[in-house]
Structures are given as structure tokens and as C-alpha cells.
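Please read the structure below before turning to the comments.
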Amino acid sequence: MLSPEPNRASFVSSLRCRECQRDYPKEALHVCEFCFGPLEVAYDYPAIARALSREAIARRAPNLWRYRELLPLDAPPTVGLDAGFTPLVRARRLGEALGHRELYVKNDAVCHPTLSFKDRVVSVALSKARELGFTTVACASTGNLANSTAANAAQAGLGCYVLIPHDLEAGKVLGTTIYGARVIGIRGTYDDVNRLCSEIAGRRPWAFVNVNLRPYYAEGSKSYGFEIQEQLGWRTPAHVVVPMASGSLLTKIGKSIEEFTKLGFVEAKGRTKLHGAQAAGCGPIAEAVLAGRDAIRPVKKPETIAKSLAIGNPADGPYAAQAIRASGGTAAQISDEEIVEAIELLASTEGIFTETAGGVTIGAARRLIASGAIPADEPTVLCVTGQGLKTQEPLAARAPTLPIIAPRIEEFEALIS
Ligand SMILES: *Cc1c(COP(=O)(O)O)cnc(C)c1O
Ligand SMILES: [Zn+2]
């Protein structure tokens, strides 16, 4: 008799409280009723181990759904079918500049369709929203989540409401309104926007991708970590440098490594050190790590050009701090000037134009390599999570004035010599 498992749609056993381990049904729930802990998706790993192999994954189409058994849907995905599987670039010239011999850049500046890693989490969240019968989706965003929710909702024919701080970059705003979403600017910080969204979620039948669908949404970030391991030739890196906003991506990269290790897809030669990168003007998780605590002191008034990371009170902050500490990694807080220099360095060495969040990653890597926290010969992956064309404002002052000449060879020769 044939085992039904290779075609089994769902390997999710429940939602489970991260604090008290109580189980909940697979619905639009995100906090534990007993202890207010966050809910996390729990899987039937023995069944996944029987159904999935490296070879099976490698045969599938190059998108994040090649890892579908480890993603939280109960039916085939319907949104974001082409997201993910971005390049892992061997960054030789950046490595030379930073004094490191085995650097890689995981390049989600070219993730489909909206050029940031948020296309991963939104693909999962909107597929889940449809599965649960929602017809309207919404989000609180620092910019990239707004872009991705609006674009994917348009393609899926879902209603879409997006709430953002009023002072985001022009590219992030236009990159949301263009898709026809209802976009509302809030006079306040991201934390104010997020609080308002939690209130709205209690009153309206909307799927807020990062509020009531947060447990499912967050799982999408694991695909970034799965790809890193597969693209390294089914190996775990010695170090990963991850930009942090809520801290979710970092914790999920950690979970992706644990899952592939548990399933025997990678041989972990020693533990991967997770290093967290934040801006100096809003670095509550990095600050806690450097002070040796897991408890987060919220930043009331974030001030940084890295607006996509400007979350003063990060939802997954304590878990990210704990994951960094348990891995043996560390953290860094990068000034706005260092962010801009790092953006230019990555562009001029690797031909990759990243947004401010990527500048935070590269700036942190530079510091951690210089300090010896990342030794020069240990395989290291730098997480570039967004696209530079969306955050041009902080670079405007550095743009050179172009020489303009007549279309004549003499003028060209005069200029060049
Ligand atoms: C949202 C975002 C992050 C960090 O996300 P968290 O999972 O909330 O920590 C990193 N980089 C970019 C470009 C982002 O938009
Ligand atoms: Zn609980």
C-alpha cells in the first residue's frame, strides 16, 4: 500500500505558546490566553522526516515553497508562488575589503515581487489568510511589509489596508499606493502604528499579517535560512549577520538551522553564531545583547535613517536576544554615517545596491570582523534584505553632479584626459 504521506498537505500539529507550551487550534490566533505569551507554529517532525528529503527539495521549482512541508499551510499555497530562492553570492571583493576569506551575501534586494525579504512572510501570511476565509488583509509596516502586502493582495484580489508612520521614504510610500491599497499615514512611530493596528484587529474581520496572523507570517522567514543552507551545499555557516527590527527574522533563521539539523539535511559542524545588527538610533535588541540581558528597554523615539528597522519596542526582542546569546553570537549598533558608507562599499565591491537595513548588516559585519568576533576564515553569511532604490533620501547628498558635455569627441577627450 502506498503511504499517503508524500502528498499530505499539512504537517502543522498546532499553534503552541512559546512560554507555557499550551496548544491552540490552527486559527487566526497569536497570543496565549493564559500567560499572554506569543504563539508559535508546531510541526509533526517525524512525519516530515518520512515525507521530505534533500533530493526531493532539490528537484522542486526555485521558490520558497520548495520547503512547503516546513511552512504553516494546510492547503496548497495560492499567493506569492514565485517568491524566494534569491542568489547567495560569494562576496570575494567585499571580503578583500573587510579582511575576510569566505563571505557570502544572501541577496533579498532582488526578492520577487517587491524587492525585500518581506515577500517571503507575506506569501505565507496571505496564503493562510485565504485558507482561513479572509477577504481583506492589512498590516502595520515600516515600509517593506507595506509594499509586499499591497502587491500580493492586488495579485490575489484581496482588499488591503496599510498603516505606516507618516514620514517614510517616498519610494516606500509610492511602492505601496501604486498597487491600489488603502494607505494611511499615522502621526507617530511604528510602535504607535502597531498599537493602533492591534486595536483595529479586535474590531474588524481583517487578517493583519503581522498581528493576528503573526505566527504564520513569521514562519515565512525560515525560507531565507533554508535557502542559505541549501545554497551553501547543505552546510550551515559558522556565522550569520542579521538585521533586526522586531527580531523575528533572526529567530527564524535560528529555527531554520535547528530544523534542517534535526531532519539530517545538514551536518552542523559546530553551532552557527547568530549576530544581530541594528542602528545606533534604534537598537534596543543590540543594546540588551551588549549589556548581557534578554530583557529589552524600549526606545521611545527612534532616530535613524534605517527606517525599516526602526521598531522601538520589538515583539520578538527577548527571543532574539536569547537566540543570539545561546548561539555564542553578538550584536552591533551602527551609526547613520557607517550605514551610508557600508551601502557604498557593498555597491562598489559586489554590484549590489541595498537599502539602509542592508547597510546596517554590512556595517555590523565590518565591525565584527575587525574586532575578531567573526574570524577571517570562518564561512559567514551577510543578510541583505532590501533594495537600495527604495531608500534614496539618505544618499541624495552624496550623489555626484554629472559632467554634461556636447555630443562631440573633443569634449569627451578633454573631459577624460
Ligand atoms: C522588516 C525588515 C527587517 C527585519 O525584520 P524583523 O523580522 O522584524 O526583525 C530587516 N530588513 C528589512 C529590509 C526589513 O524590511
Ligand atoms: Zn502561555
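Laid out as a table, the results:
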{"read-out": "Pairs, first over 15 Å from V299 (Cβ atoms) and of a type in the set (K, R) in the range 314-342, second part of a loop (DSSP other than H, G, I, E, B) and at pLDDT below 95, C-beta under 9 Å, six or more apart", "value": "R325/D294"}
{"read-out": "Extreme residue, surrounded by the fewest Cβ atoms within 10 Å (Cβ to Cβ), among residues of the range 206-246 that are of a type in the set (K, R) and under 22 Å from G143 (Cα atoms)", "value": "R214"}
{"read-out": "Sole residue being of a type outside the set (G, A, S), surrounded by fewer than 17 Cβ atoms within 10 Å (Cβ to Cβ), more than 11 Å from ligand 1 (Cβ to nearest atom) and within 13 Å of L98 (Cβ to Cβ), chosen from P400, P375", "value": "P375"}
{"read-out": "Every residue from the range 233-249 that is in contact (Cβ under 8 Å) with a residue 40 or more places away in the chain, on the phi > 0 side of the Ramachandran plot and more than 13 Å from ligand 1 (Cβ to nearest atom)", "value": "W234"}
{"read-out": "Sole residue being in contact with a helix residue (DSSP H, G or I) (Cβ under 9 Å, 6 or more places away or on another chain) and within 17 Å of P379 (Cα to Cα), chosen from E267, E259", "value": "E267"}
{"read-out": "Pick from the range 340-369, criterion within 19 Å of the chain's Cα centre (by Cα) and in a loop (DSSP other than H, G, I, E, B), ranking: nearest to ligand 2 (Cβ to nearest atom)", "value": "E355"}
{"read-out": "Matching residues in the range 228-275 - criterion: being within 18 Å of the chain's Cα centre (by Cα) and part of a strand (DSSP E or B)", "value": "H239, V240, V241, V242, P243, K273, L274, H275"}
{"read-out": "Subset of the range 140-176 [within 24 Å of P394 (Cα to Cα), part of a helix (DSSP H, G or I) and β-branched (V, I, T)]", "value": "V173, T176"}
{"read-out": "Among (1) under 24 Å from the mean Cα position of the chain (by Cα); (2) at pLDDT 95 or above - the single one Q21 does not satisfy", "value": "(1)"}
{"read-out": "Hits in the range 200-226 - residues which are under 17 Å from P72 (Cα atoms) and in a helix (DSSP H, G or I)", "value": "R214, P215, Y216, Y217, A218, E219, K222, S223, Y224, G225, F226"}
{"read-out": "Number of positions in the range 125-162 that are free of Cβ contacts under 8 Å to residues at least 40 places away in the same chain and surrounded by 23 or more Cβ atoms within 10 Å (Cβ to Cβ)", "value": "7"}
{"read-out": "Selected residue [out of contact with any Asp or Glu (no Cβ under 6 Å at 6 or more places or on another chain), surrounded by fewer than 24 Cβ atoms within 10 Å (Cβ to Cβ) and within 26 Å of Y43 (Cα to Cα)] from G254, G270", "value": "G270"}
{"read-out": "Options A140, A153, A201: the member that is within 17 Å of the chain's Cα centre (by Cα) and not assigned by TED's automatic domain parsing to the domain that holds L389", "value": "A140"}
{"read-out": "Enumeration of residues in the range 136-156 that are over 20 Å from A170 (Cα atoms) and β-branched (V, I, T)", "value": "T136, V137"}
{"read-out": "Candidates L389, L382 - the one that is in the same structural domain as T251 (by TED's automatic domain parsing) and in a helix (DSSP H, G or I)", "value": "L389"}
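The values are calculated or read from the model by the stated rules, or taken from the named source; none is laboratory data. Here the structure is a predicted model, which means the values were calculated and not measured. Backbone-built Cβ (ideal geometry, glycine too); neighbour counts: all protein chains shown.
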